[in-house]
1. In whole Å, what three semi-axes, largest first, describe the equivalent ellipsoid of the stretch C:196-252 built from its Cα gyration tensor (square root of 5 times each eigenvalue)?
2. Please work out the ratio of the alpha-carbon Rg of the stretch C:93-209 to 2.2 N^0.38 Å and round it to two decimals.
3. Tell me whether the stretch C:169-280 comes out rounded, prolate or oblate; compute the Cα gyration tensor, take square roots of the eigenvalues as a ≥ b ≥ c, and use a/c under 1.5 as the rounded threshold.
4. Taking the alpha-carbon centroid of each part, what is the distance from the stretch C:95-140 to the stretch D:287-314 in angstrom?
5. With a bin width of 10 angstrom, please list the P(r) values of the stretch B:140-211 as percents of all Cα-Cα pairs, from the 0 bin to the one holding the largest distance.
6. Magnitude of the Cβ-charge dipole of the stretch B:140-211, K/R +1 and D/E -1, about the Cα centre, nearest 20 debye?
7. Hey, rough spin-label estimate for D:His91 and D:Ile291, points 7 angstrom out along Cα→Cβ, what's it come to in nanometres?
8. Farthest toward the dipole's positive end in chain A, which of A:Ile249, A:Asn208, A:Tyr184, given Cβ charges of +1 (Lys, Arg) and -1 (Asp, Glu) about the Cα centre?
Protein chains: 4
Amino acid sequence: MTSPLKLDLVDTQTAELDELRGQSYQTRRATVPALEELLYKPLPVLDHGFVRVVDYMGDDSAIVQAARVSYGKGTKQVSEDRGLIRYLMRHWHSTPFEMCEIKLHVKLPMFVARQWIRHRTANVNEYSARYSILDREFYVPSPEHLSAQSKSNRQGRAGVLEGEHAQNVLNMLKEDATRCYDNYMWMLNEDESKGDHDGLARELARMNLPVNFYTQWYWKVDLHNLMHFLRLRADPHAQYEIRVYADAILNVMKAWVPLAFDAFEEYRLGAAQLSATGVRLVQRRLAGEKITYEQSGLSKREWIELCELFDVSQ
Amino acid sequence: MTSPLKLDLVDTQTAELDELRGQSYQTRRATVPALEELLYKPLPVLDHGFVRVVDYMGDDSAIVQAARVSYGKGTKQVSEDRGLIRYLMRHWHSTPFEMCEIKLHVKLPMFVARQWIRHRTANVNEYSARYSILDREFYVPSPEHLSAQSKSNRQGRAGVLEGEHAQNVLNMLKEDATRCYDNYMWMLNEDESKGDHDGLARELARMNLPVNFYTQWYWKVDLHNLMHFLRLRADPHAQYEIRVYADAILNVMKAWVPLAFDAFEEYRLGAAQLSATGVRLVQRRLAGEKITYEQSGLSKREWIELCELFDVSQ
Amino acid sequence: MTSPLKLDLVDTQTAELDELRGQSYQTRRATVPALEELLYKPLPVLDHGFVRVVDYMGDDSAIVQAARVSYGKGTKQVSEDRGLIRYLMRHWHSTPFEMCEIKLHVKLPMFVARQWIRHRTANVNEYSARYSILDREFYVPSPEHLSAQSKSNRQGRAGVLEGEHAQNVLNMLKEDATRCYDNYMWMLNEDESKGDHDGLARELARMNLPVNFYTQWYWKVDLHNLMHFLRLRADPHAQYEIRVYADAILNVMKAWVPLAFDAFEEYRLGAAQLSATGVRLVQRRLAGEKITYEQSGLSKREWIELCELFDVSQ
Amino acid sequence: MTSPLKLDLVDTQTAELDELRGQSYQTRRATVPALEELLYKPLPVLDHGFVRVVDYMGDDSAIVQAARVSYGKGTKQVSEDRGLIRYLMRHWHSTPFEMCEIKLHVKLPMFVARQWIRHRTANVNEYSARYSILDREFYVPSPEHLSAQSKSNRQGRAGVLEGEHAQNVLNMLKEDATRCYDNYMWMLNEDESKGDHDGLARELARMNLPVNFYTQWYWKVDLHNLMHFLRLRADPHAQYEIRVYADAILNVMKAWVPLAFDAFEEYRLGAAQLSATGVRLVQRRLAGEKITYEQSGLSKREWIELCELFDVSQ
């Protein structure tokens, strides 16, 4: 039922990228052997998605080099690259990190793509369902990720659906996606197997597809904006289905710019933000004062988060 | 079957916006009476969509004022505002137009939103199906817009589906959307009317909805970037379903900045771009030379477009 | 010696802006009386500079309105505007703040303008010395801001120059600026008072002016990006000469969006960032452990800053 | 009189970049031999400036690859890369060109840097005179570029200053720059050769330097935005002192992406924009009608430009 024309596209792409993987050139540019190893390899994500590195520019040294043109000779004093990169990260100097760039080929469900694209400072070329035909590939959660809606917190999941009920939901998702895709193909009537009537315009027929269908794009971004993306999307509060992409890209980043990655873990991923009130509370507590929630001046939620952050009883 | 909670949201929004419409304040800011008339009014687009102006900043004079700080006293010579605005538009001086800003509330199908969002230089707050429940509203083309796929040109429509076949397509779109939405509500089980089992997380359940479902957002953009959007999306080659939004916004722009609008029609919407070869061909033709396609050095498509542009036989 | 033509420009602008101040219109748009009071009034900065608000769009409610379209009905639970705005600020939700926009007319020395323009997400129309003639206005620090170079820290000032030496420096700055400007005017020879020779092109003659000469621009920015600017430029580590502009704008922001301003103080200006290591150290300390610098795993500088932050002996 | 410390910086940078030039790595990435040849080589511009390519990402094929993911299989029909790139350029499809990125190290006078930085969609790390000491290098026009101010057109140059007058201007520029720099060094008093008084803070002392002094930066930009820069700055109406940088970069672009460069010449550099009225006038003229300026509906300036474009008598 799947059009052979349609599959051609993806197969060709894959073949092209594999061919690129086989080639090797001489360059004077900064080159990262650990990332070269990953180049063009699809890193699987979700049931049909992937991330693959298509190109990159710069390395840890490029960050240092850019910082030196800015801060000049003086950086000799903090000349060790690791120290300088940590210093830049700690003080939110973003421009040196912008000197590194990476290009990824990503296959992802449309509802994930709709979150992702909100990061505006990146370059994107997406597969167009206006011009081409989408593949019969849609996302269905694995049973352990079939989460229930939290009743206390609209933004969260709470527990996992189980048993027959879970199975009903999974069947429903599969059946609706399958039927919608079959009808999409029927409306397109590309191979005229459904009769000799005209096909509906592709740009219209696609409207029948649910947002769990996969799309794909090239996504190119500088390291500063990539870290901003990762900080938000690798966060435990991010939706699981985009977090797994962020996790895959964290591994790519580690291979690419290991010094920046260490600094990123220290000053972003593992770091914490204290409010003005929070700073004063910790000061008082360190000075030996006992403080209760009622005295804190914080909202309940902030109070709990602060206690949890420092592993202190509430 | 529709949750009353869900509808509340939209009703509340509408009520809020209508209330705003009833208010009136004193301001020293540049004010455009013709746009004040339109403020908060929904301008209907497609079967359930709309555009409404929520706020704006600046007017034709703001463009002139900004140009004067840039070009100084000298602009007194072209002091007439209309002339200066045309001059700026003709010479692609974009920054003075950036001094005007407009904020729209738009309701639009998701597949249109996915095209629209590609214009990155704008501010967007979209209704989140991760946190809230989408309405039972989906787009179905009216019969006269149920276009067939062009066989010669993948990017185009060709003719309109007709008769029983058209009806089958429309029924299919409606049925699939309806079933997907019913199942979405079943999976959410917000009111527990489908049994006391846990609801699927909203951020997951939404994946069952096709991209013809409506979403909504606030979209804020400066006049320069708005014109860029309009030039691409009000173009005859743009997909009909986004073009109608662009057309509605063209009317808004005309009420807001009439001088800029006139210049926009003259130097953008009605203007033409000639390639280097095209310029030389017109030169030779005006000098009395006869030129055939074969001598032109143009591709067939460019040759046809050039002849059509100047209403000359091919 | 100053060209009357040149002064015309600024005088005309001032007159125009004062005239605007006298006007009053009816509008349905969100209006902030406290900011209307400030509209068009120059707020003096440095010896010849100023900031004045030329236009604005949105208020605290616009932030809430945008957040509600994103997060939907659920926000009713945190329905109090102040709470919602603090929540958005605390969780780095930037898009609702982008819904507010402000336009400033700023007069500032060129070396300050060169720092300022590095904030790229804003719209700018600058007075052009290519087309117009700059005024004889340059910045000379007041004696109490004539700081010495720190020997330990290249990025800092240390103490203030005093006595005769300070006077020599001030005289030098004034004399060089005056001579350069006189020669600029001589080269331009606009009024031919220096002989009937041709004037040097303005775009060339300007190259003789030091970067302490004043320029001016319209600068339009959304609230999110404005806060980013203020966080960096109102910081004690920012250069004094740009910090005073940031301080003036902080007052503008307070009049404009008082709820956002409170949240900005709590979660940005007065807030602190702890590294992953810093979090663990505070945990251990709160658990009663004594920790020395040597055991901390921090750099000396980070150790000192952490101790100072919590007012703890090193 | 020049501080040896100061020169260290630039010498070190140069040595670093030369060392990079000597290295060679294996890479799987798209590589352009003609650009590798240019890598790290300073291309001289003006009296002390240069452009040098420090890194790049992508080639003509990367544009095609990105377009294919967007437009899919169908592009096989226009499969020849040259044709596809021309098609993309002609139809203003910008995103495929954004997939290529280049990083330049540029040394340029501050007044040129101030124009250049107005192109906001790029990444910049500039040498900071707040932290470091600027070199004694300033721009003085060569005699043939010492243009007079046009009397009819404020934005233009008209003729060249000559004889003793020209010499006076050149001397004035040199003397003012030299004196300002000497005084800058005196105020800094880095080596205490001017007495043991404290040095003025670097961030203050720099204010004494005219804008013809050289600064330097790393500038990283994607191909789409680079072409936008080149179209505006390689234009005959751009100021000579920035145009020479654009010209040098045009040569870089030609070596890097020769197919895109050809398309850029055809559809941008050599192309012309006709207004709506202009299109109708050419139509009428091609249909044999005689048209005078008075009948044209164009401004005088537009009329002249139209006649010149097509080499037609006015």
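1. Semi-axes, largest first: 34, 14, 9 Å.
2. With N residues counted in the stretch C:93-209, Rg over 2.2 N^0.38 Å equals 1.45.
3. prolate
4. Distance between centres, Cα-based: 40 Å.
5. Cα pair-distance distribution for the stretch B:140-211, in percent: 19, 31, 24, 18, 8, 1.
6. In total the dipole reaches around 580 debye.
7. Here the answer is 2.9 nm between the modelled labels.
8. A:Ile249
Computed from the coordinates by the stated procedures, all read-outs in this text should not be read as laboratory data. The structure presented is a predicted model; accordingly, all values stated were derived computationally and were not measured. FYI the Cβ positions are ideal-geometry reconstructions off the backbone, even for glycines, and counts take in every protein chain you see.
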